[in-house]
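The values are calculated or read from the model by the stated rules, or taken from the named source; none is laboratory data. None of the values given here were measured: they were computed from a predicted structure. Here the Cβ positions follow ideal geometry from the backbone for every residue, glycine too, while neighbour counts run over all protein chains shown. In case anyone asks, the SASA skips ligands and DNA or RNA and just uses the protein heavy atoms, side chains included. Shrake-Rupley method; radii C 1.70, N 1.55, O 1.52, S 1.80 Å.
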Amino acid sequence: MRKSAYYVTTPIYYVNDSPHIGHAYTSLACDVLARFQRLDGHSVLFLTGTDEHGQKVEKSAAAAGWPPKEFVDEVSGRFRQLSELMNYSNDDFIRTTEARHIRSCQELWRRIAANQSPQGRDNIYLDTYGGWYSVRDEAFYGEAELIKDADGGRLAPSGAPVEWVEEPSYFFRLGDWRQRLLDYYGAPGSGTVMPESRHNEVVSFVEGELFDLSISRTSFSWGIPVPGDDAHIMYVWLDALTNYVTAAGFPDEESETYKTFWPADLHMVGKDILRFHAVYWPAFLMAAGLALPKRVFAHGWWTNEGEKISKSLGNVIEPADIVERYGLDQVRYFLLREVPFGNDGDFSHRAMVGRINSELANDFGNLAQRVLSMINKNCAARMPQAAELSEADKELLDAAHGLSGRVRGEITENHAFHEALNEIWVVVRMANGYVAGQEPWALKKTDPERMATVLYVAAEAIRHLAILAQPFMPESCAKMLDQLGVPADGRDFSCLGPEGAVKPATELPPPEPVFPRFVDDAAED
RNA sequence: GGCGGGGUAGCUCAGCUGGUAGAGCAGUGGAAUCAUAAUCCAUGGGUCGCAGGUUCGAGUCCUGCCCUCGCUACCA
């Protein structure tokens, strides 16, 4: 019997920016989720991609002296490279400039326009939009938001200059969908918007007055034309959000992909773009008559050594730099272990090294190394055979066998990646305590059969740990499983439990440390 | 200003529906020596932000105050 399908998305990243730790973080969380679900027997669609339209992109391209399409090809490529660098397992990489997406967007618009709001009015109507507009920010601002410069002129909150602009615009009847949105969110704890504090924020926002949304522009052309009115292009958010249904096959609703994967199980987003995903997007979908995503999760942001990250401060964290310095799986581990997922976190060298040395090298890596070394030296490099199991043996094995359930809940239900890792490490520590308590090095002389049992039990515990840690650290865990003699087809979650145990006498390769300690440069302060 | 959160051991934080405070890290003292000088055991008397209140009894409920964070619409 096939388990249910799972569709998880990252936001599509705006090509006006270059990849940084924030992008890496969002995608990493999705990657771990996607890998976990695959190992757990689900068929998965894991989507990421790039958002390539909008005035800012048009201007950046012009400034670079490139046609927009060439410009976005270049920058989009950098995000593809990020996926490779970070070892993401995305099944698709969508670009909003692709034909499939343009077709999808225009069809979605037509559907929204063809339908009426719950109040029986057209969802889309033509009107005039006027406001203080900042080209640099690509945003309209309300009078109250503006700040005054030295000469009493108006500036955007960002300090960018603004100008009064009026243009014809199509509007979306967002206000009419208010109650339907509230119904969608449900009570706190419904899991539609997570974490719960974000759910509350979204609900309180929607409970207030909802204004209709301007969803087209005429002042520039780098975008998707509005069906039936080429003078307009679609508002970038409507364009961007639609990627999620595009990749699911829309508008081919009879396609296998669409039937399997839509609606999405989870849109993972940074907290800064929660509203677009939790308010506008479901409203657009309802208006188009499509099913709604099951969940939106907003995670937090990173600081660097306690400082807010900004280009002007020059402290942007580039994924390639930290991967080179600390190692890929080490970075993947750290990002999801250091901070309760959903909260803001701080990236510091000290914390990074602490996690690498204390938890990866000393706790987990050394556990595998000490056990595998003893097997290598004392069991002729073959998986030992267990004799009768003691209470201590059973206690450790029970903990290992029970681990998957707890980890599954933390990852797939709560998205508490830090807790999932914590659960795994509880058993890592337990296994170290078990080895210390059983003293297989002493049993070597007094009771070799018992020694073999202890090493077998320890190896079996490590097998469970490595299998469950795979979504977080795929390469390192693969190495560990290689050393444990676990065949390539014996590494998914159906192989957890006693039935999946490595056959006694299986030949094992010489063990090598999987997680090296991080040694600071002498020059480091 | 309005609405949500938070303020607990040096650090990061747990503490369902109230009953004399916990984990990890760091520190200290032991043990062990299989292993990446890794591991294991023991050790945490902290006004649980402040002041009141309810209660036999309150980090755990109520009131007020202080501090702090987030949201308060069309920037990805």
For the range A:51-88: of the residues being on the phi > 0 side of the Ramachandran plot and touching a residue at least 40 places away in the same chain (Cβ under 8 Å), which is surrounded by the most Cβ atoms within 10 Å (Cβ to Cβ)? A:G54
Quick one: A:G49 ticks every box in (1) within 17 Å of A:I94 (Cα to Cα); (2) within 15 Å of RNA strand B (Cβ to nearest atom); (3) not in a strand (DSSP E or B) bar one, so which box is it? (3)
Every residue in the range A:161-178 that is more than 10 Å from RNA strand B (Cβ to nearest atom) and either at pLDDT below 75 or surrounded by 13 or more Cβ atoms within 10 Å (Cβ to Cβ) (or both), please. A:P161, A:V162, A:V165, A:E167, A:P168, A:Y170, A:R173, A:D176, A:W177
Output the number of residues of the range A:220-254 satisfying the condition of being under 28 Å from the mean Cα position of the chain (by Cα) and aromatic (F, W, Y). 4
Within the range A:376-390, identify whether any single residue is crowded, with 16+ Cβ neighbours inside 10 Å, in a helix (DSSP H, G or I) and either hydrophobic (A, V, I, L, M, F, W, C) or in contact with a Ser or Thr (Cβ under 8 Å, 6 or more places away or on another chain) (or both), and answer yes or no. no
Please work out if A:A399 is closer than 26 Å to A:S27 by Cα, open to solvent by less than 30 Å² (accessible area, probe 1.4 Å), within 14 Å of RNA strand B (Cβ to nearest atom) and small (G, A, S). no
So which residues in the range A:198-254 are within 11 Å of RNA strand B (Cβ to nearest atom), surrounded by 15 or more Cβ atoms within 10 Å (Cβ to Cβ) and of a type in the set (S, T, N, Q), if there are any at all? A:S214, A:S216, A:N243
I'm told A:V339 meets every condition in (1) more than 30 Å from A:R178 (Cβ to Cβ); (2) in a helix (DSSP H, G or I) except one. Can you identify the failing condition by its number? (2)
Starting from residues that are over 14 Å from A:Y6 (Cα atoms) and out of contact with any Ser or Thr (no Cβ under 8 Å at 6 or more places or on another chain), keep the ones in the range A:257-277 and report whichever is most open to solvent (accessible area, probe 1.4 Å). A:R275
Looking at A:F417, A:F493, A:F472, A:F515 in this structure, which one is closer than 30 Å to A:G189 by Cα and in contact with a Ser or Thr (Cβ under 9 Å, 6 or more places away or on another chain)? A:F493
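Listed here are the residues, each with its yes/no results for (1) in a loop (DSSP other than H, G, I, E, B); (2) modelled with pLDDT of 90 or more; (3) surrounded by fewer than 23 Cβ atoms within 10 Å (Cβ to Cβ).
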residue	(1), (2), (3)
A:A283	no, yes, no
A:F297	no, yes, no
A:S312	yes, no, yes
A:I322	no, yes, yes
A:D346	no, no, yes
A:M352	no, yes, yes
A:N357	no, yes, yes
A:D363	no, yes, yes
A:N366	no, yes, yes
Look through A:K3, A:K56 and report the one residue that is closer than 29 Å to A:L496 by Cα and outside any strand (DSSP E or B). A:K3
Candidates A:V236, A:V279, A:V296 - the one that is more than 24 Å from A:G130 (Cβ to Cβ) and among the aliphatic types (A, V, I, L, M): A:V296
Mind checking whether some residue in the range A:350-368 is basic (K, R), touching a residue at least 60 places away in the same chain (Cβ under 8 Å) and either within 12 Å of RNA strand B (Cβ to nearest atom) or in contact with a strand residue (DSSP E or B) (Cβ under 8 Å, 6 or more places away or on another chain) (or both)? no
How many residues are out of contact with any Asp or Glu (no Cβ under 6 Å at 6 or more places or on another chain), over 22 Å from A:V72 (Cβ atoms) and in contact (Cβ under 8 Å) with a residue 40 or more places away in the chain if we restrict to the range A:22-50? 16
